[in-house]
Amino acid sequence: MARPEKIRLGDLLIQQSLLTEEQLKLALDEQKRTGRKLGRIFVESGFVTEEEISKALARQLRAPFVDLKAYNFKPELVKLLPETQARRFRAVVLGENMGLLQVGFADPTDLQGFDEVTRVIKRDIELAVVMESQLLSTLDRIYRRTEEITGLAKELTAELGDVPVEFGDILGLTAGAEDAPVVKLLQTVFEEALRMRASDIHIEPQEKSLRIRFRIDGVLHVQTEADMKIATALALRLKLMSGLDISEKRLPQDGRFAVKVRNNPVDVRISTMPTQHGESVVMRLLNQNTGLLGLDNIGMPPHILERVRHAIHRPSGIILVTGPTGSGKTTTLYAALKELNTTEKKIITVEDPVEYRLPGINQVQVHEKIDLGFERVLRTALRQDPDIILVGEMRDQVTAEIGMRAAMTGHLVLSTLHTNDALTSPIRLLDMGVPRYMVALSLQLVLAQRLVRVICENCAEPYEPAPHEHEWLRYELADRVDGQAYKRGRGCTHCNGTGYQGRTGVYEMLEMTQALVEAANQDDPNLFVQAGRHQMAGGTLRHDAVRLVLAGRTTVEEAMRISNEFEEA
């Protein structure tokens, strides 16, 4: 294909009636003053959109415009252009047609870039036009760094050699230059984890290798297998970063540190644990640029959202969110706090650890080592004249009773509890030793939740459930199970081949109505269970999971997975 022609962008947009002479003059003055690209000035000034510019260039060059949002790439073709050149020349290999490679350029007028890409690929190429914003996010997604991580791990293995590593050697190795292999390896691991939207990094020594895994959308994926020799170096470096005792390898330790990954501030919670083959390290990543979700954005069904909103705007009482670890309880509580956070309200949180930062509220980190436990902080918080208190977890009788008393004396209390469903939560409080009258008078609402993976929109396709999935659905849908449209993700570059991208909530709610309050005051727990089941009929976690299946948001397999979690727990 012939080289693209040099185009004056401003003249082109005027020619296609997308820009006026006056707008071009203003943009040229701004370019002269700031040195920024003319196209970027057009977009930021609101004169034209990025898509309009790209399509105008495509029309002028008689080249196709390709929307990358739903484009399914072929990894073997993409890798023909190394990541360095792809980022430098803002280009990506899209596909192959009649012996020509179609390459998308964000700037199709870059003649040098076209020539250099042709030279690197060593094939005739066909020009296509793509939007730069889509291209940059695409490059982050499709250029997996597994090989780079494996290479850095091998480099570190070679540097450490076969001799057992001493503390002094590790300190000398890791505390020095930024290009030390262990530093480069960890930096690359963090970058890849953030790019893949991982919530946790697991570094696990095995008998013959060191395994690094990422938890993505609640499921662990192996990132790489490395030589066991580097396990000590990684563990000690991470301990140094988090201020842990590097000489202690026999006891578990917990800590935290902050890192910047591609200018994104990330809080890292670290936990080390001695295992048979060395120290296992798990890190929870809290990206501070992600931002807090509101109650409207966490997937809550409208009828539950309405009741939750009503409950959190009451002046007093306790609202509990229940579920296993990693089910999004803290996210839900902070979504409520975000809505309640006004200058008229004093809000205090007591947490271990503080996971989110919300301006305008008073957040307290529990620190058991200095006798700053939940009980002590909660008693002090009540003397600070709060309107709303968030307690990270009702983990014992004393904490629960203090929270209940606070709710009975005019405070709104939000907290979490580790139970399998909403119905067993009040019974759990009674089992902890909380007086029956406290539970009946102070508890307002219990919200149980799970997180399910959402089908990737870019590769969603219809499918027929397997026989066992069909029977599972029949339990909830009866005769309505037939004739429904079911979906699943085929797997593509957008979802790293999993068929899922992102997660949403599945909920059930138990509201303490007068009938339930009266049942809770009775000695027979079966009366409460019967009254609760009557209230929640058709509104269980299983029912909500099936709702998402019918809406094409998740798969039957995923609904069964989270359903079995609470049925077998």
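Just to check I understand the Karplus step: with θ = phi - 60° and J = 6.51 cos²θ - 1.76 cosθ + 1.60, what whole-Hz values come out for the range 486-494, glycine and proline as x?
Result, rounded to whole Hz: 10, 10, 8, x, 6, x, 8, 5, 5.
Less than 13 Å Cβ to Cβ from residue 340, Lys/Arg counted +1 and Asp/Glu -1: what total charge do the surrounding residues give?
+2
With a 1.4 Å probe and every protein chain left in place, work out the accessible area per residue of the range 208-312 in Å², rounded to a whole number.
Per-residue value: 49 Å².
Can you list residues whose amide H is under 5 Å from residue 411's amide H, if they're 5+ apart or on another chain and H is modeled 1.01 Å from N?
Under 5 Å from the amide H of residue 411: 317.
Is the shape of the range 291-350 rounded, prolate or oblate, going by the alpha carbon gyration tensor and its root eigenvalues a ≥ b ≥ c, with a/c under 1.5 for rounded and a/b larger than b/c for prolate?
Rounded is the answer for the range 291-350, as its axis ratio a/c remains below 1.5.
In the neighborhood of residue 305, defined by Cβ-to-Cβ distances under 15 Å, what is the net charge if each Lys or Arg adds +1 and each Asp or Glu adds -1?
-2
Which of the lysines could be linked to residue 208 by a straight reach, that is with a Cα gap under 21 Å, when you skip same-chain ones fewer than 8 residues away?
Reachable lysines: 154, 229, 249.
If you plug each phi of the range 189-205 into the Karplus form 6.51 cos²θ - 1.76 cosθ + 1.60 with θ = phi - 60°, what whole-Hz ³J(HN,Hα) values come out, in order, with x for Gly and Pro?
Result, rounded to whole Hz: 4, 5, 4, 5, 5, 5, 5, 8, 6, 6, 8, 9, 10, 10, 10, 10, x.
Scattering from the C-alpha atoms of the range 1-79 alone, worked out with Debye: what is log10 I(q)/I(0) at q = 0.18, 0.19, 0.20, 0.26 1/Å?
So the normalised log intensities are -0.82, -0.88, -0.93, -1.24.
For the range 78-145, compute Rg over Rh where Rg is the Cα radius of gyration and Rh is the Kirkwood radius from the inverse mean 1/r over Cα pairs.
So for the range 78-145, dividing Rg by the Kirkwood Rh gives 0.92.
What residues qualify as long-range amide H neighbours of residue 390, i.e. H under 5 Å apart, gap of 5 or more or another chain, H built at 1.01 Å from N?
Long-range HN contacts for residue 390: 348, 349, 350, 414.
Per 0.36 nm of contour for each residue apart, how much would the distance between residue 557 and residue 29 grow if the chain were fully extended, relative to their Cα-Cα spacing?
184.3 nm
Hey, how much of the P(r) for the range 418-569 falls beyond 25 Å, as a percent of Cα pairs?
The proportion of pairs with Cα distances above 25 Å equals 40 percent.
What is the spin-label model distance, in nm, from residue 397 to residue 296 if the labels are put 7 Å beyond Cα along the C-beta direction?
Distance between the two pseudo-spin positions: 4.6 nm.
First check a/c for the range 331-420, with a ≥ b ≥ c the square roots of the eigenvalues of its C-alpha gyration tensor; if it is under 1.5, answer rounded, and if not, answer prolate when a/b is larger than b/c or oblate otherwise.
Verdict is rounded for the range 331-420.
Take the cross-link list 345/369; 74/122; 69/338; 338/369 and give me the ones stretching past 21 Å between alpha-carbons.
From 345/369; 74/122; 69/338; 338/369, over 21 Å: 345/369; 69/338; 338/369.
Hey, if you put +1 on the Cβ of every Lys and Arg and -1 on every Asp and Glu Cβ in the chain, which of 438, 335, 506 ends up farthest toward the positive end of that dipole?
335
Which far-off residues, 5 or more places away or on another chain, put their amide H under 5 Å from the one on residue 512, with H placed in the peptide plane?
Residues meeting the amide H criterion: 445, 446.
Suppose each label sits 7 Å from its Cα in the direction of the beta carbon; what would the residue 342-residue 480 distance come out to in nanometres?
Here the modelled spin labels are 3.8 nm apart.
Pick out, from 429, 370, 449, the residue whose Cα sits farthest towards the positive end of the charge dipole of the range 307-455, with +1 on the Cβ of Lys and Arg and -1 on the Cβ of Asp and Glu.
449
Mind listing which trypsin sites (Lys or Arg not before Pro) in the range 380-452 are in a DSSP loop and have 15 or fewer other Cβ atoms within 10 Å?
When the trypsin sites (Lys or Arg not before Pro) of the range 380-452 are filtered for loop state and at most 15 Cβ neighbours within 10 Å, 383 remain.
In whole angstrom, how long is each semi-axis of the equivalent ellipsoid of the range 396-451, when you take the square root of 5 times every eigenvalue of its Cα gyration tensor and sort them from largest down?
Square roots of five times the eigenvalues give 18, 13, 10 Å.
FRET efficiency for residue 40 and residue 240, Cβ-Cβ distance as r, R0 = 35 Å, nearest 0.05?
Efficiency, from the Cβ-Cβ distance: 0.25.
Quick check: net charge around residue 383, other residues with Cβ under 15 Å of its Cβ, Lys/Arg +1 and Asp/Glu -1?
In short, +1.
Would you calculate the separation in nanometres between label points at residue 7 and residue 533, each defined as 7 Å from the Cα along the Cα-to-beta-carbon direction?
According to this spin-label approximation, the distance is 6.8 nm.
Between residue 98 and residue 357, how high is the FRET efficiency from 1/(1 + (r/R0)^6) when r is the Cβ-Cβ distance and R₀ = 51 Å? Nearest 0.05.
0.40
So for 553, 87, what's the accessible-area order with a 1.4 Å probe, most first?
Sorted by accessible area, descending: 553, 87.
For the chain, what does the helix formula give at 222 nm: sum of -39500 (n - 2.57) over DSSP H segments with n ≥ 4, over the residue count, nearest 500 deg cm²/dmol?
Computed ellipticity for the chain at 222 nm equals -12000 deg cm²/dmol.
Report the full-extension gain for the segment residue 437 to residue 380: residue separation times 0.36 nm, less the Cα-Cα distance, to one decimal in nm.
Working it through step by step, the gained length comes to 18.1 nm.
By how many nm would the segment from residue 466 to residue 251 lengthen if fully extended, with 0.36 nm per residue of separation less the alpha-carbon distance?
Full extension from residue 466 to residue 251 adds 72.7 nm.
With r defined as the distance between the Cβ atoms of residue 273 and residue 227 and R0 fixed at 25 Å, what FRET efficiency is calculated, to the nearest 0.05?
E between residue 273 and residue 227, to the nearest 0.05, is 0.75.
Which ³J(HN,Hα) values, rounded to whole Hz and listed in residue order, are derived for the range 395-410 from phi using the Karplus coefficients 6.51, -1.76 and 1.60 in 6.51 cos²θ - 1.76 cosθ + 1.60 with θ = phi - 60°, glycine and proline given as x?
9, 8, 4, 5, 4, 4, 5, 5, x, 5, 5, 4, 5, 7, 10, x
Please say if the range 46-122 is rounded, prolate or oblate, where rounded means a/c under 1.5 for a ≥ b ≥ c the square roots of the C-alpha gyration tensor eigenvalues, and otherwise the choice is prolate for a/b larger than b/c and oblate otherwise?
Prolate.
Sticking to Cα atoms, compute the Rg of the chain to one decimal and its Dmax as the biggest Cα-Cα distance, whole number, in Å.
For the chain, the Cα radius of gyration and maximum Cα-Cα distance read 28.2, 86 Å.
Give, rounded to the nearest 20 debye, the magnitude of the charge dipole that the chain has about its Cα centre when Lys and Arg contribute +1 at Cβ and Asp and Glu contribute -1 at Cβ.
1020 debye
The values are calculated or read from the model by the stated rules, or taken from the named source; none is laboratory data. Every value quoted in this text rests on a predicted model; they were computed, and no experiment measured them. FYI the Cβ positions are ideal-geometry reconstructions off the backbone, even for glycines, and counts take in every protein chain you see. Surface accessibility is based on the protein's heavy atoms, side chains included, excluding ligands, DNA and RNA. Shrake-Rupley method; radii C 1.70, N 1.55, O 1.52, S 1.80 Å.
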